[in-house]
Amino acid sequence: MFSMRAVRRLIGTVLLAGVFASPASAAPIITKTYSYFQIGGKTAEDLDKELEKRGPLTRTTGHRHPGATEIKFGGEVTYVERANRCTVGAARVTLRTHIVLPRWINRRRTDADLGMIWDTLSADIKRHEERHAEIARTHARILERQLLDLSTPSSCDSLEKKVADATRDLLEAHDREQMRFDQVESKNFDERMTRLLKYRMKRD
């Protein structure tokens, strides 16, 4: 007797529905988009206030930030039941990242020194958010491999639980890695900006 059942399971903050059409070994479906928020101001103090006032508000901190990366995991697992055994027929993890960055509307009307400071800061903000997206991509690939490698229990209900446990553990590890990255970046911010500004001054 051969039967197949496909079960959609929430992997992250959002379930991205869809039916498999690819082989089990296919890579995760990963998308990345961008949007921008405008800030005004004509001095360094203005820029600081504008970023604090208009930057994206994140739910994890409850504060506004100069940039943000929205991360949404999803996916689908197909279970195959045969001869009273259940295996993962296919597993597809999906990941959507959306990066929100600042855009200074007065950039072309500023003096050279402030322009250099802004260019350095905005490039660092983008690098920081791109790294958040990269961390998420790495964990999406790890999760898909782990799901495909799960051992085969005696029932699909048992295998579903293994899928849920593996998913939860991986996403918790992902969150910890993102938090560690933010902590390191925050601690090194002043030193990093000083180094980057010195580099730009020498280059220019």
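The values are calculated or read from the model by the stated rules, or taken from the named source; none is laboratory data. Just so it is clear, the structure is predicted and the values come from calculations on it, not from any experiment. Every residue, glycine as well, gets a Cβ built from its backbone with ideal geometry; the counts of neighbours run over all protein chains shown. The protein model used for the area step is the full one, side chains on, heavy atoms only, and it has no ligands, DNA or RNA in it. Shrake-Rupley method; radii C 1.70, N 1.55, O 1.52, S 1.80 Å.
Structural remarks
- Residue list for region 101-131, filter: open to solvent by 20 Å² or more (accessible area, probe 1.4 Å), touching a helix residue (DSSP H, G or I) at 6+ places or on another chain (Cβ under 9 Å) and under 19 Å from residue 71 (Cβ atoms): 128, 131
- Residue that is farthest from residue 139 (Cα to Cα) [pool: residues in region 153-169 that are open to solvent by less than 20 Å² (accessible area, probe 1.4 Å) and under 25 Å from the mean Cα position of the chain (by Cα)]: 163
- For first residues located in region 18-41 and modelled with pLDDT of 60 or more, partners that are among the hydroxyl-bearing types (Ser, Thr, Tyr) and assigned to a strand (DSSP E or B) and lie 6+ apart or on another chain with Cβ distances below 6 Å form the pairs 29/94; 32/97.
- Residue check for residue 114: in contact (Cβ under 8 Å) with a residue 12 or more places away in the chain, assigned to a helix (DSSP H, G or I) and within 20 Å of residue 193 (Cβ to Cβ): yes
- Of all residues making up region 170-204, the number that are open to solvent by less than 100 Å² (accessible area, probe 1.4 Å), assigned to a helix (DSSP H, G or I) and at pLDDT 80 or above: 15
- The residues on offer are 101, 121, 143, and the sole one that is among the hydrophobic types (A, V, I, L, M, F, W, C), closer than 30 Å to residue 195 by Cβ and at pLDDT 95 or above is 101.
- The residues in region 44-74 that are of a type in the set (A, V, I, L, M, F, W, C) and open to solvent by less than 30 Å² (accessible area, probe 1.4 Å) can be counted, and the count is 4.
- Count - residues of region 27-43 that are surrounded by 14 or more Cβ atoms within 10 Å (Cβ to Cβ) and part of a strand (DSSP E or B): 5
- Odd one out for residue 91, checked against (1) in contact with a strand residue (DSSP E or B) (Cβ under 7 Å, 6 or more places away or on another chain); (2) crowded, with 20+ Cβ neighbours inside 10 Å; (3) part of a helix (DSSP H, G or I): (3)
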